[in-house]
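Below: the structure, in structure tokens.
The values are calculated or read from the model by the stated rules, or taken from the named source; none is laboratory data. For clarity, every value in this text was computed on a predicted model and none was experimentally measured. Note: ideal-geometry Cβ built from the backbone for every residue, glycine included; neighbour counts use all protein chains shown.
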Amino acid sequence: MLSSSLNLARLAVTRRALTPALFAPARSLSDKSWQASGSEIQEATRKALIHDLLSDSTSAIHDTVPWFLENMPASYFRQTTLPVRTEHLKAITSLRSTEQALSLDIRSDLDENRKVVTFIRPNNEVGMLLKQIKSLPKYNMPLSRVGVYTTDDNTMCLNMFTFGEPKDTTSRTIDDSHPILSLAAKVAAGDVEIEEVDKGMLEPEQIKEYMSKCGNGYLNNSVSRRFLKQMGLYYGVTGSEGVEVSVEKFNPTEYTADGVDAASTDRLYWIDSAIANSLPQYALEYFARVVKVNNLDIVRTHLDNVNDGENGTVTQLRMLVRVEEGDDIDWKRLKRNLKRQKWIDPSTADLIDRVPSLGIRRAEIITGLASLMHPIMGKVNPVAYSKANIMAAVTGKAYLDLGREIADFFLEKFDPKSGHMSQSDQDAESDRLCAKIDSEVVDRSANTLLNKMVDAVNHTYRTNVYMENRYALSMRLDPAIMQSDNHAETPYGVVFAHGRRFNGYHVRFRDISRGGMRIVTPASSEQLALESGRHYDECYGLSFAQQMKNKDIPEGGSKCVALVDTVGMSQQNKNFVMRKSVKAFSDSILDLIVDTPETNERVLDYYGKPEVLYLGPDEQ
């Protein structure tokens, strides 16, 4: 009855407002065109509008609050503060009241040291997290926490990215009755089993030491079993550049606090990982990329950083993923790819994004050979064989199938399971590929380029492509593949490496040679492309000069040049990437020359002699 009376009153007010408005003389410029003239009528109009808005808001609040409390996962309430939840609820209520799609970006300051970016979306489609990571603003502070939350009814996804670390002014005392220590005692006694946790690391003092390295948010919001599991992964990578990954099926009896409906858990899996000495935002991005490529839906994600002393930090990343119905995931391959993602170049990652069926190894070989081609082919025609044109030709749709076959030839030649490929088989496969290229590729530049890539496979003596934990793709080349008319002498040996944001050459003129490593970091993309074209010639010239200096002593001359892409980076990130590149380059060279059980098993040798390389410091 009250509602009907209010509606009639509003109708009467509207009629009274409209009647004089229709027949009134023209308004002055100070009048508002949407508002009736006359103070009493204006006041009535304002009250009617306020009532309508309050009525709609009240209705939306009554609908939204119960839905929010019922459908947001328990981990969301555990890991967010009341002011943050209130801010989210206000935004969601406003969106729901307009009956529009729940799509909103919120940027806010938690305090003077921390900023948070929140994405609210109507669903959690495959690949959405990766898009959001790429669109994050560039703050001058590290990504410190991530929370990805999907409602139980799958109608909304709320993702929070926190930058910066809080000022922890209070000293932390860890009581012996802490739930984590209580569970650790049960694991040590054999009453509970956690696969990644070695009983030797369960001494209370050792656990307390690890807990002291963790932020309060991570420590207070972690389930005890999860915390110990991630601690085990941490000790597997601490002090190194390693990545540890664990996959387990979601168990609702162990993770009831996560608020996932038990009826929907058949296709849910936890992916836990510890990534040493990596920028957290990039770590999250390359993990999200692998998950997207495997068509996995990310239901929940948590990211925290743990102090690792002089080695930086270890990023603890945890994802709850859903396998699409009918999909069969090769978890062993996925774990291997997650470990490799830290070290692959953005060009390789982009190729995998476009053509997931290639896989990481093929994509890495294709982009690696394309990078190798630039200093070789750029001398023939610097315009036709520019860095961009080479990459476009090799990875473009027109010739990608041929690039795939060349990569398969490379993989077959060095497959440790198949053993050495005979010279006659290599010649036959090489001839087949070249004939196919000549018959299918009309463009002369592309034809020459692809044939040269086949030639490069034939001139490769060793590679670390099958090493499980390699930092870059390296190849021991026959120097003849790099030789040109302006080179006075053919080197004794050439090593090429292709890794994350760098390419590198090592050239030596005698079996036993000595020389340092130079790092080149061009300031712009244009300069980077120019340096890429003359990369090998610079390394050749420096090593040949060293050879001339050493002509009267038993040691020959050598040099190593790493071309590192740090364009647009802050000085801090530039230094970080340079250190990573030197480490990756050096490690990948060692893969080709050291004698270990793993290299004996996984590196096929077509050269036939052991090699020793000496590297020393140089200048930038």
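Can you name every residue in the range 258-275 that is small (G, A, S) and either modelled with pLDDT of 75 or more or in contact with a Ser or Thr (Cβ under 6 Å, 6 or more places away or on another chain) (or both)? Let's see the steps before the verdict.
Start the filter on the range 258-275 by keeping residues that are small (G, A, S), which leaves 259, 262-264, 273-274.
If the condition is that a residue be small (G, A, S) and either modelled with pLDDT of 75 or more or in contact with a Ser or Thr (Cβ under 6 Å, 6 or more places away or on another chain) (or both), then S273, A274 are the ones that fit.
Looking only at residues in the range 389-437 that are hydroxyl-bearing (S, T, Y) and within 19 Å of G359 (Cα to Cα), which one is farthest from the chain's Cα centre (by Cα)?
Applying the first criterion (hydroxyl-bearing (S, T, Y)) to the range 389-437 yields 395, 399, 418, 422, 424, 430.
Then drop every residue that is not within 19 Å of G359 (Cα to Cα), which leaves 395, 399.
Numbers: T395: 21, Y399: 27 Å.
Going through the qualifying residues, I end up with Y399.
In the range 109-116, is there at least one residue being in a strand (DSSP E or B), out of contact with any helix residue (DSSP H, G or I) (no Cβ under 9 Å at 6 or more places or on another chain) and either modelled with pLDDT under 85 or crowded, with 20+ Cβ neighbours inside 10 Å (or both)? Full working, then the answer.
So in the range 109-116, the residues in a strand (DSSP E or B) come out as 109-111, 114-116.
Narrowing the set further to residues that are out of contact with any helix residue (DSSP H, G or I) (no Cβ under 9 Å at 6 or more places or on another chain) leaves 109, 111, 114-115.
Within this subset, residues satisfying the condition of being either modelled with pLDDT under 85 or crowded, with 20+ Cβ neighbours inside 10 Å (or both) are 111.
Looking through the range 109-116, at least one residue is in a strand (DSSP E or B), out of contact with any helix residue (DSSP H, G or I) (no Cβ under 9 Å at 6 or more places or on another chain) and either modelled with pLDDT under 85 or crowded, with 20+ Cβ neighbours inside 10 Å (or both).
Return yes or no: is S586 surrounded by fewer than 13 Cβ atoms within 10 Å (Cβ to Cβ), within 26 Å of the chain's Cα centre (by Cα), small (G, A, S) and over 27 Å from M377 (Cβ atoms)?
When the stated conditions are applied, S586 does not pass them.
Give me the residue from the range 399-424 that is loosely packed, with under 14 Cβ neighbours inside 10 Å and small (G, A, S) and, out of that set, nearest to I437 (Cα to Cα).
Going through the qualifying residues, I end up with S424.
List pairs: first in the range 103-116 and without any contact (Cβ under 8 Å) to a residue 12 or more places away in the chain, second surrounded by 16 or more Cβ atoms within 10 Å (Cβ to Cβ), Cβ under 7 Å, 6+ apart or cross-chain?
From the range 103-116, the pairs are D109/K115.
Yes or no: the range 372-388 includes at least one residue that is under 15 Å from the mean Cα position of the chain (by Cα) and outside the structural domain of R500 (by TED's automatic domain parsing).
no
Report, by residue number, each residue of the range 537-583 that is surrounded by 15 or more Cβ atoms within 10 Å (Cβ to Cβ), over 35 Å from the mean Cα position of the chain (by Cα) and assigned to a helix (DSSP H, G or I).
G541, L542, S543, F544, Q546, Q547
Could you please let me know if N469 is closer than 30 Å to N277 by Cβ and not assigned by TED's automatic domain parsing to the domain that holds G359? Give the derivation first.
Numbers: closer than 30 Å to N277 by Cβ: yes; not assigned by TED's automatic domain parsing to the domain that holds G359: yes.
Yes.
Looking at the range 505-514, can you tell me whether even one residue there is farther than 17 Å from L615 by Cβ, surrounded by fewer than 18 Cβ atoms within 10 Å (Cβ to Cβ) and either out of contact with any Lys or Arg (no Cβ under 8 Å at 6 or more places or on another chain) or in the same structural domain as L590 (by TED's automatic domain parsing) (or both)?
Scanning the range 505-514 turns up no residue that is farther than 17 Å from L615 by Cβ, surrounded by fewer than 18 Cβ atoms within 10 Å (Cβ to Cβ) and either out of contact with any Lys or Arg (no Cβ under 8 Å at 6 or more places or on another chain) or in the same structural domain as L590 (by TED's automatic domain parsing) (or both).
Can you confirm whether the range 284-297 contains a residue that is surrounded by fewer than 20 Cβ atoms within 10 Å (Cβ to Cβ) and either free of Cβ contacts under 8 Å to residues at least 40 places away in the same chain or of a type in the set (A, V, I, L, M, F, W, C) (or both)?
Among the residues of the range 284-297, not one is surrounded by fewer than 20 Cβ atoms within 10 Å (Cβ to Cβ) and either free of Cβ contacts under 8 Å to residues at least 40 places away in the same chain or of a type in the set (A, V, I, L, M, F, W, C) (or both), which makes the answer no.
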